[in-house]
Amino acid sequence: MAFWDQLKTKTSEMSDQLKTKSKQFTNKDFANASMAMCALIAAADGTIDQTERSKTAALIMNNDILAVFSPSELREKFDFYCDRLDRDYDFGKVEAVSAIAKLKSKQDQARAVIQIGIIIGGSDGDFDAAERQAVKEACFAVGIAPAEFDL
């Protein structure tokens, strides 16, 4: 049980940190990377069912960090990446990771996207191995050691 308490505390801390920086992240690349990260988490097990897609979309819409963006814009981007992953998981994954990699030169924004992935992945109390792997791959794409996030 200590692991779940630790995860809950860590995601709460990450969320607080991101709230203070959210105004800095109002750009297209951050929005795209955030939605790509959310879609990767939703599809971490290889498929995205409608329930999972709806649940993740609701979490996105209620996320304070992403509130600086238009909900319809976020929904469009999230649906775009989900559709790509649904159609062809491997190529969709390449496309999503590529969107995240565009933040490699903006390390604060890259860390924020990684934190969003952890928050979304842990929101149901089960940050499973497939979700952790998706976040690790995003870390590698932006040149951040997964160990920085205890992955």
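The values are calculated or read from the model by the stated rules, or taken from the named source; none is laboratory data. On a predicted model such as this, the values are computed, not experimentally measured, just so you know. Accessible surface areas use protein heavy atoms only, side chains included; no ligands, DNA or RNA. Shrake-Rupley method; radii C 1.70, N 1.55, O 1.52, S 1.80 Å.
Based on protein heavy atoms only, segment 101-143 ends up with 39 Å² per residue of surface accessible to a 1.4 Å probe. Largest accessible area first, the residues 53, 111, 87 order themselves as 87, 111, 53 under a 1.4 Å probe with ligands, DNA and RNA left out.
Share of carbon and sulfur in the accessible area of segment 71-151 stands at 49%, probe radius 1.4 Å.
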